[in-house]
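Encoded as C-alpha cells, the structure appears first; notes follow it.
The values are calculated or read from the model by the stated rules, or taken from the named source; none is laboratory data. This one's a predicted model, so the numbers in the text were calculated from it and none came from an experiment. Neighbour counts are summed over all protein chains in view; Cβ atoms, including those assigned to glycine, are modelled from backbone coordinates with ideal geometry.
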C-alpha cells in the first residue's frame, strides 16, 4: 500500500503502477501519515523517503506507523537532517520542516519502537529494554541514559535499562498489575503505572503522575505472538 495526501501524486503513482494495481499487488490511497487507512499490525515493512518534512506532527505520524506495523516489523526513514546547512539554505522553510537526527531518534524511542522483556520474580513484574529500532547515537555509539536525573546513570546504555519496576498482581482484578513505576528514557521521567492484559498478547500500560485519571495508556504487542514466546507470568 502507498499513501499520499495529494491526489495528484496518487494519480502519478497509479499510472506508474497500473499493471501491479490490476494484478492486486499495489494499492494507492489518498491519505496522510496521521490517519493511515489500514488495520493494526497490517505491514511487515514501512518506507518513507523525503516525506517526513511534510508531516503535520512527527510523534503522531510515528505512533500511526507503529500501530500498523506488525511486531518485529521494520521502518526505514530517509530524510535530510536540519544539521545539513547546505540543505537548510536551499529548501524554503515555509514548505519544509527539517528535523535533526537526534530529534527523530528520540521520537522513535518515545513512540515505543523498542522491545521490552517482561519477567516475574518473587511475585513482582519487571520489564527491561532489550532492543531498540534506533540503538545508536549520532556518534555511532550505543544510546546512553543521558536524560536520567541521576548523572551517574548517564553512561548506562539504554538497552538493558529496567523500564518497568515493582508491579504486583491486583487482588481485586484478574490480569491486572499495579503499584509499579514506568521509566521513560526519552525524557528521564518516572511515572506511576498499571498493567492490564487484553487477551494473551496485548498489554495495556498506563503511566501517570498523581492519580490514574491524569495519564496516558499505550498498547504493547507481544513479539512472536503467533506462539513463539511464553505468556506474561
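Restricting attention to region 205-217, the residues being loosely packed, with under 15 Cβ neighbours inside 10 Å and in a strand (DSSP E or B) number 2.
Based on what the data block shows, is residue 198 closer than 17 Å to residue 223 by Cβ and surrounded by fewer than 16 Cβ atoms within 10 Å (Cβ to Cβ)? The answer is yes for residue 198.
Taking the residues in region 128-146 that are assigned to a loop (DSSP other than H, G, I, E, B) and in contact with a strand residue (DSSP E or B) (Cβ under 7 Å, 6 or more places away or on another chain) as candidates, determine which candidate is surrounded by the fewest Cβ atoms within 10 Å (Cβ to Cβ). So the residue we want is 135. In region 101-127, the qualifying residues are those that are touching a helix residue (DSSP H, G or I) at 6+ places or on another chain (Cβ under 9 Å), surrounded by 15 or more Cβ atoms within 10 Å (Cβ to Cβ) and touching a residue at least 40 places away in the same chain (Cβ under 8 Å), and the one that is farthest from residue 177 (Cα to Cα) is 104. Among residues that are within 28 Å of residue 45 (Cα to Cα) and either modelled with pLDDT of 90 or more or not assigned by TED's automatic domain parsing to the domain that holds residue 212 (or both), residue 129 is included.
Annotation: of all residues in region 28-46 being farther than 20 Å from residue 78 by Cα and in contact with a strand residue (DSSP E or B) (Cβ under 7 Å, 6 or more places away or on another chain), the one that is surrounded by the most Cβ atoms within 10 Å (Cβ to Cβ) is 28. Could you check residue 223 against (1) in a loop (DSSP other than H, G, I, E, B); (2) under 28 Å from residue 70 (Cα atoms); (3) without any contact (Cβ under 8 Å) to a residue 60 or more places away in the chain and say which number it fails? Unmet condition: (3).
Which residues, taken from region 128-145, are free of Cβ contacts under 8 Å to residues at least 24 places away in the same chain and either at negative phi or touching a helix residue (DSSP H, G or I) at 6+ places or on another chain (Cβ under 9 Å) (or both)?
Within region 128-145, 136, 139, 141, 142, 144 meet the criteria.
Being at pLDDT below 80 and either farther than 24 Å from residue 180 by Cα or in the same structural domain as residue 202 (by TED's automatic domain parsing) (or both): is that true of residue 138 here? In short, yes.
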